[in-house]
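Asker: First the structure, then my questions, so here it is.
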Amino acid sequence: MSRKVDSVKDINDSKETWRLAVRIMDVLSVVNNKGIEHLKMIVMDSLGDRIQVLIRHDHLLKWKEVIKENMTCIINNSSVYNNDFQWKVCDHSKKIVFLGGTTMKAIELQNIPPKGYFFKDFGEILQGKCKTDRLEDIIGAVSEINHIQSNTPGKKVVVFVVLKDLKLPTNEQKEKPTQSAKSLSNWFGGSQYSPVERFVHNAKCMSLSQFCKIKHETLCVTVATTLKFAVSKYGWFYYVCTRCSSKAPNPEKAYECSCGQKVEQPIPKYKIEIYVSNGESKYQFVFWDSECAAILGMTTEFMHNSMVENGEDDPMVYPDELEMMLNKKMAFRVKVQPTFSQASVWKLCDDEAFVKEIENDYIVEDNQSKTEYAKLVPNKENLETSAQTLSASGENDPESIILMTPAKDVVIADKGEEVDFEASGATQLSGTKPSKKLKIEPSS
């Protein structure tokens, strides 16, 4: 279950979980006019394709002494942006930028060519067959030098040189060095309330574009499509107590949990951060263990152990199987936490008819007034008090997650929400159903 290596030529901004096997061709330390240093690199894979890499100042100390020119390595997780460097050294339209969650392991990779040069023919340059923002390798002899010193203090010396072409044999002018759940929630009958009505109960139904306007923690229902992983420095899982599922203080040490359980070996649980979108709007959702396991069809422990058995022990590597979470249009019931610009997923469903009903009959668009839907169960304790909330940092794990086993006639939200409709007499409360979005027909 070890993640496959991606090709440099395939890199785009659709995800952050790229896994590259490359040789570091060049490393350049750059200091700007404010004295702030960052690193730039050129890396190349076994096919000879290259891409530029940026390591910003805030990650400099972690990598400066580790990175060596001409070393081969595996790089996991990085952001991808348009290559907007003033001077480019390759044709790739993108650049990669190291994240807090980026990892790199030095490894001997014999299939990647040693550092080489990409010589440009003088004739092509004189004919204009080159890009003005591209740095090229050339072979020539300096026949004339002119120094022009700028009179402005702090400006660099400009040097003009005249080069004489020294052609290489044709066979040495090479362009590239070469080597020698269909349904994701449980629904139960026995009540006059439909699954959709249970799903939207006690929540505000709104489009994703309205999330940025929310000022306080709010329980919401929306429809969106999972886009790509938001890679954090904590990876895709965390360790918990074997009884109460509260976060383990140290996954490598035995401890006694606050619940009284003596934990010899904590168990891993999914916590996956994913960007979701709807039209032009995007937001970051946090998916917890039960939702992820329902989609993936396997426990966190099974997936993690399978990776280790296949020789992958880096916890920051996102297995290929996790991509089953992406490109899914779903209805979500989430706790929006504007302080962290994140939303914690409580329930989800990808059934097409279910999603369509939510989208058409309940979602309040930007140009409509917001509607808070009626509670299905009057005099019931506010469900938000039992909800799982994110911690004070957008990347910190929660202290605990309450996991429940679905039972008949109970609607479950896996962060601790439980409503027993039959026991509360909800079937008799026809006047408390959540109201749908009003549709106004034009007068004839």
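Asker: Could you compute the FRET efficiency for residue 124 and residue 212, with r as their C-beta to C-beta distance and R0 at 56 Å, rounded to 0.05?
Answerer: 0.70
Asker: In the range 1-116, what % of DSSP beta bridges are antiparallel (nearest 5)?
Answerer: Just about 90 percent of them are antiparallel.
Asker: Also: Let me see the pair-distance distribution of the range 42-114: every alpha carbon pair, 10 Å bin width, integer percents in order.
Answerer: 17, 51, 31, 1
Asker: Order the following by accessible area, largest value first: 160, 119. Probe radius 1.4 Å; ligands, DNA and RNA are ignored.
Answerer: Descending accessible area places them as 160, 119.
Asker: State the percent of C-alpha pairs, over all pairs in the range 1-100, separated by a distance greater than 16 angstrom.
Answerer: Every Cα pair in the range 1-100 considered, those over 16 Å come to 55 percent.
Asker: Also, I was wondering about something else. Eigenvalues of the Cα gyration tensor times 5, then square-rooted: what semi-axes does that give for the range 199-248, in whole angstrom, largest first?
Answerer: 28, 17, 11
Asker: Here's something else I'd like to know. With a 1.4 Å probe and every protein chain kept in, tell me what percent of the accessible surface of the range 1-42 is carbon plus sulfur.
Answerer: Accessible surface attributable to carbon and sulfur in the range 1-42 totals 49 percent.
Asker: As an exercise, use a Förster radius of 35 Å and the Cβ-Cβ distance of residue 108 and residue 138 to find the FRET efficiency, rounded to the nearest 0.05.
Answerer: Working from the Cβ atoms, E equals 0.65.
Asker: For the range 209-362, what does the alpha-carbon gyration tensor say about shape, rounded, prolate or oblate, given a ≥ b ≥ c as the root eigenvalues, a/c under 1.5 as rounded, and a/b over b/c as prolate?
Answerer: On the way: a/c = 2.13, a/b = 1.64, b/c = 1.30.
Prolate, since a/c reaches 1.5 and a/b exceeds b/c.
Asker: Give, rounded to the nearest 20 debye, the magnitude of the charge dipole that the range 224-313 has about its Cα centre when Lys and Arg contribute +1 at Cβ and Asp and Glu contribute -1 at Cβ. Don't jump to the answer; show the numbers that get you there.
Answerer: Working: 9 positive and 11 negative charges, 63 e Å.
With Lys and Arg at +1 and Asp and Glu at -1, about 300 debye.
Asker: Given a Förster distance of 25 Å, report the FRET efficiency between residue 258 and residue 305 from their Cβ-Cβ distance, rounded to the nearest 0.05.
Answerer: 0.40
Asker: Further, regarding this structure: Express the Stokes-Einstein translational diffusion coefficient of the range 273-346 in µm² s⁻¹, to the nearest whole number, given a Kirkwood radius over alpha-carbon pairs, 25 °C and a viscosity of 0.890 mPa s. If you can, show how the numbers build up before the last one.
Answerer: Working: Rh = 13.8 Å.
Roughly 177 µm²/s, to the nearest whole number.
The values are calculated or read from the model by the stated rules, or taken from the named source; none is laboratory data. All figures in this text were calculated on a predicted structure; none of them were measured in a lab. Note that we place each Cβ from the backbone using ideal geometry, even for glycine, and neighbour counts take in every protein chain shown. Please note that ligands, DNA and RNA were not included when accessible areas were found on the heavy atoms of the full protein model with its side chains. Shrake-Rupley method; radii C 1.70, N 1.55, O 1.52, S 1.80 Å.
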